[in-house]
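Written out below as structure tokens is the structure these notes cover.
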């Protein structure tokens with residue numbers, strides 16, 4: 001079997017793997033081809049037509065669904081290609097919500113980036129028929145909002161829910177200009193099969209799906225999620241001394257860019273006023289702050305009097321499998337009992 005496929009893209013010699021698309025080969029070679037509906041985690045869809053290129057002997061074709069071939073000659077820009085892309089973007093922009101400064105996706109919106117790349121002109125937009133959609137916001141989900149008025153029908157959320165999560169809580173509904181992304185029966189997100197994992201939110205290229213409480217972090221800290229023993233790698237978004245967001249580490253082999261609802265949105269407990277930040281010891285009927293040495297000495301002295309069947313222990317899903325193994329060893333070998341259970345079973 002052939003190891004590599006050699007082709008030319010904009011006059012550059014490019015080597016690609018068999019089965020790769022023109023879009024993938026171009027981006028791996030550092031050659032930019034704009035696109036909107038493509039996402040590297042998902043199967044090619046080919047609905048936006050913005051990734052159109054010209055293949056010698058074949059004419060215009062969409063690069064996200066066209067496999068590379070030996071000796072293929074590809075042009076990624078030119079008068080005809082640019083005109084096709086510009087028209088595709090104009091038809092999206094002309095009826096799109098324009099409150100960009102008030103949108104949480106401002107400066108992170110793929111439609112903004114594409115508009116700047118293809119060169120949208122106000123005079124051309126004024127000649128197009130403008131439609132106005134005033135669909136209600138779906139704010140039912142406790143973690144994110146859904147705005148149909150900003151949706152560009154790229155289908156990334158639909159494919160994410162089906163291909164990655166296997167839930168299929170949303171799909172395309174209605175027809176023509178009335179087409180939208182809908183739950184079954186067009187019910188609010190909260191009343192659907194949605195698991196609130198946020199995978200669709202993290203991949204949405206525009207402001208149609210956004211977290212409820214979004215603040216852009218000043219920096220990120222790489223860490224590991226502590227909600228269970230799987231060990232999903234995360235990037236913690238920090239602003240000052242406050243955690244403002246969590247995103248998955250797409251390069252990690254454990255979770256490969258995915259997170260559950262707890263790992264993505266369950267971080268507000270960090271700054272909750274009721275969170276314990278130091279050990280507490282009961283003295284004279286009240287809890288008072290203590291050092292870790294004081295607390296551990298108290299625990300050791302108390303537990304020594306409860307060896308055997310009088311002792312019971314409850315393990316936690318929020319620690320590693322290795323820690324849980326040591327814990328059950330302690331209960332059986334040191335405390336002399338099999339009275340141990342796990343919170344994930346209850």
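A few notes on this one:
- Flag for residue 327 being surrounded by 12 or more Cβ atoms within 10 Å (Cβ to Cβ) and part of a helix (DSSP H, G or I): yes
- Looking only at the range 21-64, and only at residues there that are in contact (Cβ under 8 Å) with a residue 40 or more places away in the chain and in contact with a strand residue (DSSP E or B) (Cβ under 7 Å, 6 or more places away or on another chain), the one that is surrounded by the fewest Cβ atoms within 10 Å (Cβ to Cβ): 31
- Of the candidates 231, 257, the single residue that is surrounded by 11 or more Cβ atoms within 10 Å (Cβ to Cβ), within 26 Å of residue 340 (Cα to Cα), touching a strand residue (DSSP E or B) at 6+ places or on another chain (Cβ under 6 Å) and touching a residue at least 60 places away in the same chain (Cβ under 8 Å) is 231.
- Of residues in the range 234-254 being touching a strand residue (DSSP E or B) at 6+ places or on another chain (Cβ under 7 Å) and not in a strand (DSSP E or B), the one nearest to residue 269 (Cα to Cα): 249
- Test: residue in the range 261-284 that is more than 18 Å from the chain's Cα centre (by Cα), assigned to a loop (DSSP other than H, G, I, E, B) and surrounded by 11 or more Cβ atoms within 10 Å (Cβ to Cβ): yes
- Residues that are farther than 30 Å from residue 14 by Cβ, surrounded by 16 or more Cβ atoms within 10 Å (Cβ to Cβ) and touching a strand residue (DSSP E or B) at 6+ places or on another chain (Cβ under 6 Å) are absent from the range 83-99 altogether.
- Selected residue (criterion: surrounded by the fewest Cβ atoms within 10 Å (Cβ to Cβ)) from residues of the range 152-183 that are without any contact (Cβ under 8 Å) to a residue 12 or more places away in the chain and in a helix (DSSP H, G or I): 176
- Matching entry among 149, 141 (being touching a residue at least 12 places away in the same chain (Cβ under 8 Å) and part of a helix (DSSP H, G or I)): 149
- Meets criteria (in contact with a helix residue (DSSP H, G or I) (Cβ under 9 Å, 6 or more places away or on another chain), more than 19 Å from residue 115 (Cα to Cα), outside the structural domain of residue 157 (by TED's automatic domain parsing) and crowded, with 19+ Cβ neighbours inside 10 Å) for residue 68: yes
- For residue 217, the stated conditions hold: it is under 23 Å from residue 110 (Cβ atoms), in contact with a strand residue (DSSP E or B) (Cβ under 7 Å, 6 or more places away or on another chain) and part of a loop (DSSP other than H, G, I, E, B).
- Some residue of the range 290-305 being closer than 23 Å to residue 228 by Cβ and surrounded by 13 or more Cβ atoms within 10 Å (Cβ to Cβ): no
The values are calculated or read from the model by the stated rules, or taken from the named source; none is laboratory data. This is a predicted model, so every value here is computed, not measured. Note: ideal-geometry Cβ built from the backbone for every residue, glycine included; neighbour counts use all protein chains shown.
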